[in-house]
1. Where does each of 92-105, 176-189, 39-52 land if you order them by average Cβ count within 10 Å, highest first?
2. How large is the direction-averaged shadow of the alpha-carbon convex hull of region 1-91, in nm²?
3. Check the straight Cα-Cα distances from K66 and name the lysines below 26 Å, setting aside those fewer than 8 residues away within the same chain.
4. Remind me, relative contact order of region 227-307 in percent, using alpha carbon pairs under 8 angstrom and six or more residues apart?
5. Please name whichever of L255, S198, V169 sits farthest to the positive end of the charge dipole of region 165-263, dipole taken about the Cα centre and charges placed at Cβ: Lys and Arg +1, Asp and Glu -1.
6. In whole Hz and in residue order, list the ³J(HN,Hα) couplings for region 156-166 that follow from phi through the Karplus curve 6.51 cos²θ - 1.76 cosθ + 1.60, θ = phi - 60°; x for Gly and Pro.
7. Starting from the Cα-Cα distance between R5 and D140, subtract it from 0.36 nm times their residue separation and give me the gain in nm to one decimal.
8. Putting +1 on Lys and Arg Cβ atoms and -1 on Asp and Glu Cβ atoms, find which of N94, W108, N65 reaches farthest to the positive end of the dipole of region 23-188.
Amino acid sequence: MLYRRHLRIKVLQSLYSWYTGGVNDIIKGEKLLLESIDKLHDLFIYQLSFLVEIKRFAEIRIEENKRKFYPTEEDLNPNMRFVRNKVLCEIEQNNEFILKENKLKINWTEQSDIILKFYNLLKSKDFYKKYMDSEAPSLDSDKKLLIKITDQLLPDFEILKYFYEEKSVYFTDGYDLVILLIIKFFENFSGKFHSGTSLPGIYKQTIGGKNEDREFVRNLYKFVLRDDDGIEEELKLRTKNWEFERIPLMDVILLKMAIIELKKMNTVPVKVTLNEYIELAKYFSTNNSKVFVNGVLDRLIREYREEGKINKTGRGLVD
């Protein structure tokens, strides 16, 4: 489910915690890092459960309206478009989802205020009204509605964030990332999904019993810290045009991670490493960091090649 960029972000966050004094034991730090990634899947299930609960709430409202003393025509013949959303219905009946929802003991009964507020917010949106008025329901339109709900409503729904904050600090840290994962899940949702379909895992499927993405995370984190003194000295030598102490910490961490990938991650293409860390610098550091990281890495790659320090293996990796 997670792309390598997401994994790099999690490693970056853990290394930042290390360098700012949040963690001082490598083994403990690695354990916390892997746990934080695993918790993303728990939050993924929680968010799916929340959206399914909104559908369940809408169903209850429909039945309550039918039992009014003086029901209107709309009460007696309600618009069932949302409660019959194919994606939500299939998720609700999925065996793995049910098992994981039960394992996490997810119960929204005591959070009726959160459910009601979100449902009312949803009903007020033009994209929801347009969806409900559509005369041609389809899986594609059901998916698009859920993508809009996830993209436009969940990010700023603070009361839900507070609820998750009380559940786990990892939920708070991973909230925005899980929104991206939910959107990706809905985009890839197909008509072949059924009760026995497996939900996507947090890592890509393993090859030959070995989880390559999990190993990538562990090695990137450990190698940076174990080789820290050597990498830092190398950076100081190769950034003489800058005062090293004045380089933003985030830039230093990004460069250390990139160096490890260039020299020790033999199956990661050089161009991928270069592009990824330029992008991470753009989003996680200063306005000038993208240009700085790009310049340093361009020079490092050129010099490493001349010194024979880059040895990539595998099809398409030798350039």
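1. Numbers: 92-105: 14.4, 176-189: 17.5, 39-52: 21.1.
Top to bottom by mean Cβ count within 10 Å: 39-52, 176-189, 92-105.
2. Numbers: hull surface 36.3 nm².
Dividing the Cα hull surface by four gives the mean projection, 9.1 nm².
3. Qualifying lysines at Cα under 26 Å: K55, K86, K117, K123, K125, K129, K130.
4. Numbers: 47 pairs, mean separation 24.5, N = 81.
That works out to 30 percent.
5. It is S198.
6. 3J(HN,Hα) across region 156-166, in whole Hz: 10, 8, 4, 4, 6, 4, 5, 4, 5, 4, 6.
7. Numbers: separation 135, 0.36 × 135 = 48.60 nm, distance 2.78 nm.
Computed gain between R5 and D140 is 45.8 nm.
8. N65
Since every read-out is calculated from the coordinates, none of them should be taken as a lab result. None of the values given here were measured: they were computed from a predicted structure. Counting neighbours? That spans all protein chains shown, and the Cβs are built from the backbone with ideal geometry, glycine included.
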